[in-house]
Amino acid sequence: MKKSNSPLHFSFQLITGVIPSGWKGNKSIILLGTGGGGKTTLHRQIYHLKNQELNTKERHKYAETIQFSVFNNLKTITEHPSVSTKLSSELSEIASELASLVDQYVDSRFEHSYRVKLINQGHTFQKLVENIHVREMIESLELYPQLHLNGDYKYFFKNYTRIVSREYQPTFEDVKRMQLKTVGVIRGEEVEFENYKITITDTGGQRNERKKWAKALSQRTDAILFIVSLREPFQMCYEDNELNRSKETIQCFQELLRSEYVNNCPIFVLFTKADQLEEVLKKQKVSFNSIFPEYKGDNHSLEQIKEFMQEKYQSLDSNKKVKGYFFINTLNNKDVTDTLRKVLEFKQ
């Protein structure tokens, strides 16, 4: 057997006397990007690539998160003037009750009894979900950027009856489509992928959370995945409704490239949510080149816009710190597997 000089292989050989066939070592990956790009979804997908079964603790946690997001999204929609002013007196009262219960649930720091109250009224709140003005809002591309709805809200409203039941048990498909805001820096459990053991660090993408990126980057990292949502050009920032999300993500990317912590660490840019961009391009009244005037392509061409976005990011990377660009559907196992494999097998 050929001996390895790697400290990792040496320590393993010292303990067991053998090096496992095909063993490639431990890798540490950090996920960066602004909020809503899909970092946490990607993290969950990687974690569950080998095992898509949820344990009891996970099911309980995810059930609470998904049910709350459905009720909270419904509250947000029914409070918007384009809906609230068109509701009948009966539905207005139901919407007020929903808002009150959601606020109580939040104020109680998500005490179980308030969740039960919401679920018990789920059949009543369904009248709101079925209302034509609420349905129009759910499908509205123009108003969506202002609402900051959580998760794959169309999917969850489509499955409303199943989700708000007392017996609700989240499926893995439900879990893939939920959005869980990351607070701080979360270093996940070690997970096996092919011949690697991976540790993934997820980070918060909101402005106040980005201050903590430096701490995460200061630790040993083998790869940085910078996540960019292609849906962003038609969205505004959560913290600033006058600033386009895509512009802020570009600013974050430039700041990352200037960081002293990334000089010797490969960066990979992952473009997500191309499917959502495609849907927007079919219906959106605002043209892409009104957001990026330098874009000279077809405002309805998904492929031309994808090419433009990649070239945009490449033009900002004068020192060639980015080692790869990928377009990935974070809900698709094959996309996640293929991309992760290429990242892990990259050689400096």
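Each row is one residue, and each column tells you yes or no for (1) free of Cβ contacts under 8 Å to residues at least 12 places away in the same chain; (2) more than 17 Å from Leu217 (Cβ to Cβ).
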position	(1), (2)
Leu257	no, no
Tyr261	no, no
Cys265	no, no
Thr272	no, yes
Gln276	no, yes
Phe292	no, yes
Leu302	no, yes
Glu307	yes, yes
Glu311	yes, yes
Task: Subset of the stretch 29-49 [over 19 Å from Lys334 (Cβ atoms), in contact with a helix residue (DSSP H, G or I) (Cβ under 9 Å, 6 or more places away or on another chain) and either among the basic types (Lys, Arg) or assigned to a loop (DSSP other than H, G, I, E, B) (or both)] - done: Gly33, Thr34, Gly35, Gly36, Gly37
- [ ] Could you check Ser165 against (1) surrounded by 14 or more Cβ atoms within 10 Å (Cβ to Cβ); (2) modelled with pLDDT of 85 or more and say which number it fails?
- [x] (1)
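Would you say Glu142 is in a helix (DSSP H, G or I), within 30 Å of Thr272 (Cβ to Cβ), of a type in the set (Asp, Glu) and at pLDDT below 95? Walk me through how you get there before you give the answer.
Numbers: in a helix (DSSP H, G or I): no; within 30 Å of Thr272 (Cβ to Cβ): yes; of a type in the set (Asp, Glu): yes; at pLDDT below 95: yes.
No, not satisfied.
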Task: Glu255 vs. criteria surrounded by 12 or more Cβ atoms within 10 Å (Cβ to Cβ), within 22 Å of Thr40 (Cβ to Cβ) and not small (Gly, Ala, Ser) - done: no
TODO: Please state which of the following conditions Thr203 fails to meet, knowing it meets all the rest: (1) surrounded by 18 or more Cβ atoms within 10 Å (Cβ to Cβ); (2) at pLDDT 85 or above.
DONE: (2)
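Could you pull out the residue among Lys61, Lys57, Lys75, Lys127 that is basic (Lys, Arg), exposed (fewer than 14 other Cβ atoms within 10 Å of the Cβ), part of a helix (DSSP H, G or I) and without any contact (Cβ under 8 Å) to a residue 40 or more places away in the chain?
One residue alone meets the criteria, Lys57.
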Task: Val102 within 17 Å of Glu130 (Cβ to Cβ) and either among the hydrophobic types (A, V, I, L, M, F, W, C) or surrounded by fewer than 14 Cβ atoms within 10 Å (Cβ to Cβ) (or both) - done: no
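Let's see how each residue does on (1) among the β-branched types (Val, Ile, Thr); (2) under 14 Å from the mean Cα position of the chain (by Cα); (3) modelled with pLDDT of 75 or more:
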{"site": "Thr182", "(1), (2), (3)": "yes, yes, no"}
{"site": "Ile186", "(1), (2), (3)": "yes, no, no"}
{"site": "Thr199", "(1), (2), (3)": "yes, no, yes"}
{"site": "Ala214", "(1), (2), (3)": "no, no, no"}
{"site": "Met236", "(1), (2), (3)": "no, no, no"}
- [ ] Please specify each residue of the stretch 313-328 satisfying the condition of being in contact with a Phe, Trp or Tyr (Cβ under 9 Å, 6 or more places away or on another chain) and touching a residue at least 40 places away in the same chain (Cβ under 8 Å).
- [x] Tyr313, Leu316, Asp317, Val322, Lys323, Gly324, Tyr325, Phe326, Phe327, Ile328
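The values are calculated or read from the model by the stated rules, or taken from the named source; none is laboratory data. If you're wondering where the values come from, they're calculated on a predicted model, not measured in any experiment. All Cβ positions, even for glycine, are placed from backbone atoms using ideal geometry, and neighbour counts span all protein chains on display.
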